[in-house]
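Below is one structure; the comments refer to it alone.
The values are calculated or read from the model by the stated rules, or taken from the named source; none is laboratory data. Remember, it's a predicted structure, so these values are computed and weren't measured experimentally. Cβ placement follows ideal geometry from the backbone for every residue including glycine, while neighbour counts extend to all protein chains displayed.
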Amino acid sequence: MITLTLYSKPGCHLCDEMKAAINRVVSAKKFEVAVAEIDISTDRDLELRFGLEIPVLMADGRKVAKYRVTEADLLKILKAPRDRSRP
């Protein structure tokens, strides 16, 4: 199972676009994927860390995209080999 984490905030059009791309790919059910969306506006530390880069997409804890991701890019990310020894 691959865990995707999207760091975003309300009112961010790029966040909405990335969320839509993720939803389209995940709904195709070609991969076992868990998706978590984290609103950075509820956590000052996250706002400081990601505020100028959102949306930020992490796959299994590794940053794989910021600002934009296409469905084709996301498929490549999901197909890429993973280092399963990483926490």
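Structure summary
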{"read-out": "Candidate set from segment 1-26 (those that are within 21 Å of Lys76 (Cα to Cα) and basic (Lys, Arg)); member that is farthest from the chain's Cα centre (by Cα)", "value": "Arg24"}
{"read-out": "Any hit, segment 63-70, residues being more than 10 Å from the chain's Cα centre (by Cα), exposed (fewer than 11 other Cβ atoms within 10 Å of the Cβ) and not charged (D, E, K, R)", "value": "no"}
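Table: residues versus (1) at pLDDT 95 or above; (2) among the aliphatic types (A, V, I, L, M).
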position: Glu32; (1), (2): no, no
position: Ala36; (1), (2): yes, yes
position: Asp39; (1), (2): yes, no
position: Asp45; (1), (2): yes, no
position: Pro55; (1), (2): yes, no
position: Gly61; (1), (2): no, no
position: Tyr67; (1), (2): yes, no
position: Lys76; (1), (2): no, no
position: Arg84; (1), (2): no, no
